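**Q** For reference, the structure I am asking about is given below.
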Amino acid sequence: MIAQCEADKLVFLDESGVNTDLSRRHGRAIGGEQSVDKTPLNASANTTILSSVRLNGETVCTVYSGGTTREKFLDDLRNTLVPTLHERNTVVMDHMRTHHVKRSRRFYREPA
């Protein structure tokens, strides 16, 4: 199916996660010895970036705290991605579980 689409009409959607802990949990010292150090217990937050990109470089992006949920994904589709789509665009995404949402075509045409 994707071979039948015009490349400039494709919109790729994907998500990334970032954790701001930034503390190494393991390491080696000179001579192969295991390094020993202590860091404060830090319950750092995960940050999710949900973004789309097109061949011409256009992109829309949403950043939020925590992981991707079905509700966050649907909200991003409805309020961020869908308003930027043009006629005959094809959205390409992976098989992430939160993407498996059965909705009617009305979802994309009617506001919440």
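The values are calculated or read from the model by the stated rules, or taken from the named source; none is laboratory data. In this text the structure is predicted, and so the values were computed from the model without any measurement. Cβ placement follows ideal geometry from the backbone for every residue including glycine, while neighbour counts extend to all protein chains displayed.
**Q** Surrounded by 11 or more Cβ atoms within 10 Å (Cβ to Cβ) and at pLDDT below 85 - does that describe any residue in the range 76-91?
**A** Within the range 76-91, not a single residue is surrounded by 11 or more Cβ atoms within 10 Å (Cβ to Cβ) and at pLDDT below 85.
**Q** Quick check on my filter: what residues within the range 57-77 are hydrophobic (A, V, I, L, M, F, W, C), part of a helix (DSSP H, G or I) and closer than 13 Å to residue 14 by Cα? Give the steps one after another, and end with the answer.
**A** Going residue by residue through the range 57-77, those that are hydrophobic (A, V, I, L, M, F, W, C) are 60-61, 63, 73-74, 77.
Retained after the next criterion (residues that are part of a helix (DSSP H, G or I)): 73-74, 77.
Correct list: 73, 77.
**Q** Of all residues in the range 43-56, how many are modelled with pLDDT of 85 or more and either among the small types (Gly, Ala, Ser) or more than 14 Å from residue 15 (Cα to Cα) (or both)? Spell out how you get there, then give the answer.
**A** Our first condition is that a residue be modelled with pLDDT of 85 or more; within the range 43-56, this holds for 47-56.
Next cut, either among the small types (Gly, Ala, Ser) or more than 14 Å from residue 15 (Cα to Cα) (or both) only: 51-52, 54-56.
Matching residues across the range 43-56 total 5.
**Q** Further question: For the range 84-98, how many residues meet the condition of being under 15 Å from residue 51 (Cβ atoms), out of contact with any His (no Cβ under 7 Å at 6 or more places or on another chain) and not hydroxyl-bearing (Ser, Thr, Tyr)?
**A** Count: 5.
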